[in-house]
Amino acid sequence: YDILGIDRGASPAQIKKAYRTKSLAHHPDKDRENPLAPALFQQISKAYAALTDDAARQNYEKYGNPDGPSQMKVGIALHPAIVNTRQSRLTVLCSFFSVIIGVPLAVVFCCLRNNNKLAAHGVSNETLRVFHAVIDDEMRAEDGPGLFAASTEARLCGLMSGAQGGGDMRRLIEAMVAARPVPLSVGTLVQIRNAAGARAELNGRKGVLRRMVSDMTWLVEVFPANGPPTGPDQTTMQEFPKSELLSIEPRAPCPFSDAPIRRGTALLWAHMWRQHAHMDPILMMELTQMLTSSPDIIRSMVAIAAKGKGDRSGFFETVRGFIQFQRGIVQALDINSDMEVIELLQVPHVSKVPKPADGAAPPTLKQ
């Protein structure tokens, strides 16, 4: 009844009409853009077949099953001599459940062990499969953190951190946004602040930039106060001056949308930006574990990029980008900074270089 969209006790004419409507709407030849159309069409056909047979329909209305009431009993046939005492019954019962539970767990453990078996580069085979599938001649240094975080080793570090509470990512993300916010562009997630007049009630609300009206004004799709919208009718479109909009995402690119991978990517960018003061002990432990495995993982990234794919030779720019990413990981350097700034940050005890004014050269080592 739910599949056909009708009430219980509907007449045969109503059932037939609902079937025709639903089957036409979800027929695979007509609903080609819906990948679930074949499954929906099969459900509709089965529902109609069950309701058009009088006996099947009565069984479904009475028992919830077109085939009528069903019962299943499971028993174990054992010789009486084996279970003639209470102690022997307990022994047999424990042995039975040990086999039922232990054998499947052993099979799963062996499969996972073989799946995560280390390859020649010291990383898991699953990590190498991901790298072979993703690495191409378009990847650059800024894609390195996301690719690193997609490795099995990095994701295991995230799972271990999650088992201990996960750490406070909100404080770290706020510090990263303050250090390097995403430039305002179409699609940027922003927060409204310091709005005046009729817009003052929107202070603190979030939204997405949809269009640049002028050099100093943006059209914003404003979200409701209780969080992201669940429908288009919950948002409003309003214009705001650029000064009233604050980007709430750090400029930390990630080629993946998976949440655990994006978390690991943010940690690696925070490390290269030297934001360790904003990490709690759990995040520092997770980062340390990731950095411990970084030599083997980045070496594999470079090796796969140098080999290329198929009949194509090695990806030179990708190799150079991964080597640049490796330097950023080892020495905690922002791979997007100017070379003059990177050279200063490589000097011991230099933890921060003042940002030069527009058009001015970075400070010298003596300065």
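Each label point was placed 7 Å from the Cα along the Cα-to-Cβ direction; for Leu246 and Arg299 their separation is 4.5 nm. Overall, the chain carries a charge dipole of about 880 debye about its Cα centre when +1 sits on the Cβ of Lys and Arg and -1 on the Cβ of Asp and Glu, all other atoms neutral.
Among Gly308, Gly162, Gly231, the residue with the largest mean-square fluctuation in a Gaussian network model of the chain, with springs joining Cα atoms closer than 10 Å, is Gly231. Checked against a 26 Å cut-off, the cross-linked pairs Lys16/Lys62; Lys17/Lys46; Lys242/Lys352; Lys242/Lys355; Lys307/Lys352 give Cα-Cα distances beyond that limit for Lys242/Lys352; Lys307/Lys352. The candidate values are [x] 25.3; [y] 21.2; [z] 27.0; the one derived from this structure for Kirkwood radius over Cα pairs in Å carries the label [z]. Descending by average beta-carbon neighbour count within 10 Å, the peptides 18-26, 264-272 line up as 264-272, 18-26, the highest first. Phi-derived couplings, Karplus 6.51 cos²θ - 1.76 cosθ + 1.60 at θ = phi - 60°, listed residue by residue for segment 235-245: 10, 10, 9, 9, 8, 9, x, 4, 5, 9, 10 Hz, with x used for Gly and Pro. Rounded to 0.05, the FRET efficiency of the Arg89 and Lys62 pair, given R0 = 25 Å and the Cβ-Cβ distance, is 0.05. Computed over protein heavy atoms with a 1.4 Å probe, the carbon and sulfur contribution to the accessible area of segment 159-305 reaches 55%.
The solvent-accessible area of Val103, taken with every protein chain present and a 1.4 Å probe, is close to 80 Å².
Taking the chain as a Gaussian network of alpha-carbon nodes connected by springs under 10 Å, the highest mean-square fluctuation of the residues Ser98, Ser300, Ser247 belongs to Ser98.
Listed peptides 144-155, 125-136 appear in the order 144-155, 125-136 once ranked by packing, highest mean of other Cβ atoms within 10 Å at the front. With the charge dipole of the chain set up from +1 on Lys and Arg Cβ and -1 on Asp and Glu Cβ about the Cα centre, the Cα lying farthest toward the positive end among the listed residues Ala225, Leu189, Ala56 is that of Ala56. Model label points for Met284 and Lys307, set 7 angstrom from Cα along the Cα-to-Cβ axis, are 3.9 nm apart. Label-to-label distance for Glu174 and Ser45 is 5.8 nm, based on points extended 7 Å past Cα in the beta-carbon direction.
The values are calculated or read from the model by the stated rules, or taken from the named source; none is laboratory data. Quick caveat: nothing in here was measured; it's all calculated off a predicted structure. Quick reminder, even Gly has a Cβ in these numbers, built from the backbone with ideal geometry, and neighbours come from all protein chains shown. Accessible surface areas use protein heavy atoms only, side chains included; no ligands, DNA or RNA. Shrake-Rupley method; radii C 1.70, N 1.55, O 1.52, S 1.80 Å.
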